[in-house]
Structure formats: structure tokens, C-alpha cells
Amino acid sequence: MGAKSEKREKPAFLQVIGGDKLVLILAIIIVFVLFTILNRNYFSTTNIINILVAASLVGMVAIGHTYLIIAMQNDLSPGSLAALSGVICALLLQKGFPIIVAVLVTLGVGALVGVFNAWMVNSIRIEAFIATLVSQMIVRGFAYIICDGKPVAISNQSFNNIGKARFIGIPFSVWLMIICLIVFGFILAKTKFGRSVYAIGGSSEAARLAGLNPKRIICICFIMIGVLTAAGGIVFAARMNAGQPAANVNLEFDAITAVVLGGTSFAGGVGDMGGTVLGIILIQSFNTGLTMVGVSSFWQYVARGALLLFALTSDYIRKQRRDKELLEASMKNA
């Protein structure tokens with residue numbers, strides 16, 4: 001018996017970070033080593049900051065997706081919403097509204113899109129994948145309509161400075177992502193609401209019988225990703241000095257890939273923000289590396305698709321392993 005228990009005991013470092021996260025860390029190291037060999041400028045302070053800046057918008061969306069996917073939901077509208085957010089903010093600033101008003105109105109629009117998505121899922125019971133595909137098209141359409149399909153230049157220098165601002169050499173967009181990762185990671189791991197998200201992802205009906213309100217929790221999660229995406233879209237517009245209706249196409253797929261690579265299960269009830277952080281770093285360092293070594297944009301689509309397939313396959317394997325462990329545990333208890 002003693003020999004068996006010793007055999008099952010995991011090494012201390014695996015107990016701290018987990019086997020799946022160790023694989024992600026090794027994958028990140030391999031990506032950095034490979035692209036540094038192919039391009040010496042890849043592993044430089046400037047490029048690492050560029051990777052973090054490029055990851056900031058994906059990161060904001062991935063935070064919201066972590067909650068949604070744990071709750072067994074999904075959202076395909078963030079790319080369109082980020083574009084709409086930038087356009088709305090730019091138009092309001094162009095008309096002379098104060099920065100704070102433009103930002104609050106834009107965040108409100110993000111929340112409204114989240115409410116609309118939750119209404120489709122909760123009230124008329126459309127699958128989240130289809131419901132948010134609907135909102136993806138509607139929102140992108142509005143982004144084009146309100147600006148006649150043309151980018152909206154932002155001349156408000158104070159607002160544009162948000163995109164250029166740095167603290168101890170790190171851009172504001174990166175700090176915003178880091179703060180949101182910490183805050184929403186804490187909420188997910190340490191609060192009653194976070195436990196509720198895991199509960200409805202594990203079994204919505206069991207959670208309801210336990211006194212939780214799955215519809216309300218799902219609505220909050222959709223509002224959360226809407227506001228986070230709008231915030232990311234605002235900062236992106238400040239970086240670009242314009243609201244661009246055609247921007248951020250396929251943003252949601254990078255975010256979903258990062259979240260699933262990080263160990264969050266599409267089956268619901270499993271995942272954490274630490275894994276999402278590693279997933280964000282891996283996918284953005286991979287994407288940046290492809291660009292730096294001159295891979296064609298067409299092949300980059302293929303590579304991203306392959307990475308998403310790898311993430312989904314890994315999720316399937318992890319689910320099979322968890323189901324096997326649960327079956328073995330139940331047989332022992334019987």
C-alpha cells in the first residue's frame with residue numbers, strides 16, 4: 001500500500017504549478033529559443049514589450065472568455081465589439097465630448113452587447129456559439145454604418161497619449177491587462193461568484209438546485225467580457241490614433257485559443273487565470289515570431305488554425321484523463 005501511494009505522489013514542483021502548466025512553460029521556452037535562432041532581434045527588450053503590447057487586447061478578451069468557457073458558454077463577438085468600441089469612442093471625441101464621457105459611453109455599449117448576448121442565450125435559448133455569431137455580424141455592421149466604413153481619426157492628444165503612456169518603461173495597455181488579470185483572477189479563485197461560475201460549468205441544473213441562479217451568473221459573465229472588450233478597444237484606438245471599423249478580425253479566436261491552451265475546458269467547470277496568462281504569452285509570442293521571420297500572412301492563418309486544433313485536442317485529452325480518474329475514484333469508493 002505504501003509503495004502504491006508513493007508511486008502516485010507527484011513531485012513537489014508539479015504540485016505547485018501543475019503538469020499542464022509545466023508543458024505550457026516549456027512550449028513558451030521552445031518558441032522563444034526557436035524564433036531567437038531564426039531572428040536575433042526576437043529576444044530583445046523592445047520586442048518582448050512589443051509582444052506584451054500586442055497581447056494586451058487579446059488578454060483583455062481572454063480574461064472574459066476564461067469565465068465564459070468555465071461556465072460552458074462562448075462569445076464570438078469580441079473582435080467586432082472591439083472595432084465598434086474604437087469607432088464609437090473616436091466619434092464621440094470628434095464631436096467634442098470629454099474623454100471620460102466618451103469612455104463611459106463606450107463601456108456602456110460593451111455592457112449592452114453583453115446583455116444582448118445573455119438575453120439570446122438565457123431567454124430564447126440559442127446556443128452561445130450561434131447567438132454570439134449573430135451579434136458578431138450585427139456589431140461589425142454597426143461599426144461600419146456609423147462611420148460610413150471609414151476610419152475615424154482621433155485628434156484629441158490627451159486621449160492619444162493613453163496609447164503612448166508608459167510607467168517604468170511598460171506601456172499603459174500592458175499595465176491595464178496585468179491589473180485586470182490580477183483582479184479577475186482573484187475574483188475567480190477566491191470569491192463566491194467565482195465558485196458559482198465553476199458550479200454552473202460543472203452542472204447548471206445541480207447549481208440551480210443548490211440555490212444558485214445560472215441565468216444571472218451567465219448574464220454577468222457576458223457583461224464582463226463586453227466591458228473588458230470595450231476597454232481593450234478603447235486603448236487600441238488610442239494606440240492607433242483612430243477608430244477602425246475593420247480592425248480586430250478573428251480577435252476572439254486568438255483569445256479562445258489562449259484560454260483553452262491554458263487548460264480551461266470547453267466541457268466547463270475547469271480552468272484558472274494562471275493558465276490563461278501562459279496561454280496568452282504562448283499564442284502572442286508564436287504570432288509575433290511568425291511575423292518576424294517573414295512567414296506569409298496566408299500561412300499564418302494556417303498556423304493559427306493548427307494551434308487552435310492543438311488546443312482543442314489537448315482539451316479533449318485532458319477531459320478523457322479527468323473522466324478516467326473520476327471513474328477510478330468512484331469504483332474505489334464503491
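Residues of the range 1-45 being more than 22 Å from SER314 (Cα to Cα), modelled with pLDDT under 55 and part of a helix (DSSP H, G or I), which ones?
The answer is GLY2, ALA3, LYS4, SER5, GLU6, LYS7, ARG8, ALA12.
Sort out which residues of the range 120-149 are among the basic types (Lys, Arg) and free of Cβ contacts under 8 Å to residues at least 24 places away in the same chain, and write them in order of number.
ARG125
Would you check if MET292 is surrounded by fewer than 18 Cβ atoms within 10 Å (Cβ to Cβ) and either more than 18 Å from ILE70 (Cα to Cα) or within 13 Å of the chain's Cα centre (by Cα) (or both)?
Working: surrounded by fewer than 18 Cβ atoms within 10 Å (Cβ to Cβ): yes; either more than 18 Å from ILE70 (Cα to Cα) or within 13 Å of the chain's Cα centre (by Cα) (or both): yes.
For MET292, the condition - surrounded by fewer than 18 Cβ atoms within 10 Å (Cβ to Cβ) and either more than 18 Å from ILE70 (Cα to Cα) or within 13 Å of the chain's Cα centre (by Cα) (or both) - is met.
How do the pairs read when you match residues in the range 264-286 that are of a type in the set (Ser, Thr, Tyr) with residues anywhere that are in a loop (DSSP other than H, G, I, E, B), using Cβ under 7 Å and keeping only pairs 6 or more apart or on different chains?
THR264/VAL270; THR264/GLY271; SER265/GLY271; THR276/GLY262; THR276/THR264
Going by the conditions given, is ARG166 of a type outside the set (Asp, Glu) and either under 24 Å from ILE217 (Cα atoms) or free of Cβ contacts under 8 Å to residues at least 40 places away in the same chain (or both)?
Criteria met by ARG166.
Does GLY163 satisfy being at pLDDT below 95, buried (at least 19 other Cβ atoms within 10 Å of the Cβ) and over 19 Å from GLY271 (Cα atoms)?
Criteria met by GLY163.
Say we look at the range 27-84 and pick out the residues that are among the polar types (S, T, N, Q) and without any contact (Cβ under 8 Å) to a residue 40 or more places away in the chain; which of these is nearest to ILE234 (Cα to Cα)?
THR46
Given the residues GLY59, GLY86, GLY64, GLY141, which is the only one that is surrounded by 24 or more Cβ atoms within 10 Å (Cβ to Cβ), modelled with pLDDT of 95 or more, more than 15 Å from the chain's Cα centre (by Cα) and in a helix (DSSP H, G or I)?
Selected residue: GLY86, the only one of GLY59, GLY86, GLY64, GLY141 that is surrounded by 24 or more Cβ atoms within 10 Å (Cβ to Cβ), modelled with pLDDT of 95 or more, more than 15 Å from the chain's Cα centre (by Cα) and in a helix (DSSP H, G or I).
Evaluate the range 295-317: report whether one residue or more is in contact with a helix residue (DSSP H, G or I) (Cβ under 9 Å, 6 or more places away or on another chain), at positive phi and not in a helix (DSSP H, G or I).
No, the conditions are met nowhere in the range 295-317.
The values are calculated or read from the model by the stated rules, or taken from the named source; none is laboratory data. Since the model is a prediction, treat every value here as computed from it, not as a measurement. Don't worry about glycine lacking a Cβ; one is built from the backbone with ideal geometry, like all the others, and counts go over all protein chains shown.
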